[in-house]
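All of the numbers you see were taken from the coordinates with simple rules; none came from a lab. All figures in this text were calculated on a predicted structure; none of them were measured in a lab. Here the Cβ is made from the backbone with ideal geometry for all residues, glycine too, and neighbour counts use every protein chain on show.
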Amino acid sequence: MTTTPPSVIVSGGGSAPPEPSSPQGRALWAVGALMVIGVILQVSLMPFVRIADGIPDLIACLVVAAAILRGPMVGGIAGAAGGLLVELTSPVGTLGVLALLYLLLGAWAGRYCEREESVNVLPPIVMATAGAAFAQLGYAGVQIMLGTPVFAADFTARVLVPSIVLTGLIAAPVLLIARRLLGEPRLTEPFQLGQTT
């Protein structure tokens, strides 16, 4: 008597992306639309809202909002995409630095999705201002590594502190608008269809 060997199941290693009409798909499209609108406003309007050389960091606010409302993966992807779009649309000397900094910010802030910090308003505002400071300091650090002179006192007084203050002022309205568009905090993994925790 011959027996046939059991059939082998080969996994493709992942699930298909969510359909655009599913709740996950709509949430991801909303995050993408928010980031595109945010980049347009960041490079066109925000340079006119300034104190000394500091401008508000709208991208940091949106990355924190996306991460807090949808989790670390969505926050990291939104941060990388937003940073890259800013670098492509405005004259910066290094390509990929802002994308990396905002990716790290999104992954860090996304760890607080579905926690008490994501429901209250004050912790996301603090995270957004800390994210703006992180982006400014990280970019200044890269400039120093490239040999561009950055004077600490001048940088702190003219760029860092004004950017933190202005980002803190716009953070609350941006986070409230994002929460209105994206809904309550819910962990979303884009490539695991139908699984939300």
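For this structure, a couple of remarks:
- The stretch 37-114, relative contact order [Cα under 8 Å, separation at least 6], %: 34
- In percent, rounded to a whole number, the relative contact order of the stretch 23-182 is 30, using alpha-carbon pairs under 8 Å and six or more apart.
- Protection-proxy order for peptides 30-39, 175-184, each taking the mean of Cβ atoms within 10 Å per residue, highest first: 30-39, 175-184
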